[in-house]
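S.K.: The structure's right below; bear with me while I get my questions together.
The values are calculated or read from the model by the stated rules, or taken from the named source; none is laboratory data. Just so you know, these numbers come straight off a predicted model, no measurement behind them. Ideal geometry is used to build each Cβ from the backbone, glycine not excepted, and the neighbour counts take in all protein chains shown.
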Amino acid sequence: MGSMLSWLQWWADLLDTRYRVPGTKIRFGIDPILSLVPGLGDLASPMFAVALIVQGIRARVPKIVLVRMMGNALIDAVISAVPVIGTVGDVFWRANTKNLQLLERHAGTAMPPTRGDYIFMFALAGACGLLVAIPVALGLWLFYQFSQAWRGMAR
């Protein structure tokens, strides 16, 4: 788990805490910056959350901790879905760092993963994916509607 843990630590730091607002103790990563890019920002953290949860299953993290990790990721997705306020919220709700800490604390403390663990993880990841995909699809639909209205006004 050593090299995988190092890789996960690097990404969690990059997404959540790599940079500091000058003159303050406020730290942030590229997650709030990516949230300004439609589509891409909504996918970066959830994809990393899935990587953390998969590693959690491999490291025998208890199911209840996996649920907590998914809850952190879902809260992050909901915060990120709110325009402008979500970008600020991403600075203060660091789901990736929280989930990495849970992984580090609970790795190796339960029985080996079973088929049920994998089914559980994929069901939760699917639910998270839907919660992220819905705002993205809605945004694309709204963009299409506005562009159609704009073309109609331009004629």
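S.K.: Give me a count of the residues in segment 106-125 that are surrounded by 11 or more Cβ atoms within 10 Å (Cβ to Cβ) and modelled with pLDDT of 75 or more.
M.R.: 6
S.K.: Quick check on this structure: which one of Val67, Val136, Val88 is at pLDDT 80 or above and under 26 Å from Ser3 (Cα atoms)?
M.R.: Selected residue: Val67, the only one of Val67, Val136, Val88 that is at pLDDT 80 or above and under 26 Å from Ser3 (Cα atoms).
S.K.: Still on this structure: Exactly one condition in (1) more than 23 Å from Ala12 (Cα to Cα); (2) in contact with a Pro (Cβ under 7 Å, 6 or more places away or on another chain) is not met by Cys128; state its number.
M.R.: Among (1) more than 23 Å from Ala12 (Cα to Cα); (2) in contact with a Pro (Cβ under 7 Å, 6 or more places away or on another chain), Cys128 violates only (1).
S.K.: List the number of the failed condition for Glu104; all other conditions in (1) free of Cβ contacts under 8 Å to residues at least 24 places away in the same chain; (2) part of a helix (DSSP H, G or I) hold.
M.R.: (1)
S.K.: Continuing with this model, one more query. With Phe92, Phe28 as the choices, which residue is among the aromatic types (Phe, Trp, Tyr) and buried (at least 18 other Cβ atoms within 10 Å of the Cβ)?
M.R.: Phe28
S.K.: Moving on to the next point. For a quick check of your reading of the model, give me the residue pairs whose first member lies in segment 7-18 and is on the phi < 0 side of the Ramachandran plot and assigned to a loop (DSSP other than H, G, I, E, B), whose second is modelled with pLDDT of 90 or more and surrounded by fewer than 17 Cβ atoms within 10 Å (Cβ to Cβ), with beta-carbon atoms closer than 8 Å and at least 6 apart or on different chains.
M.R.: If the second residue must be modelled with pLDDT of 90 or more and surrounded by fewer than 17 Cβ atoms within 10 Å (Cβ to Cβ), the pairs left are Thr17/Arg27; Arg18/Arg27.
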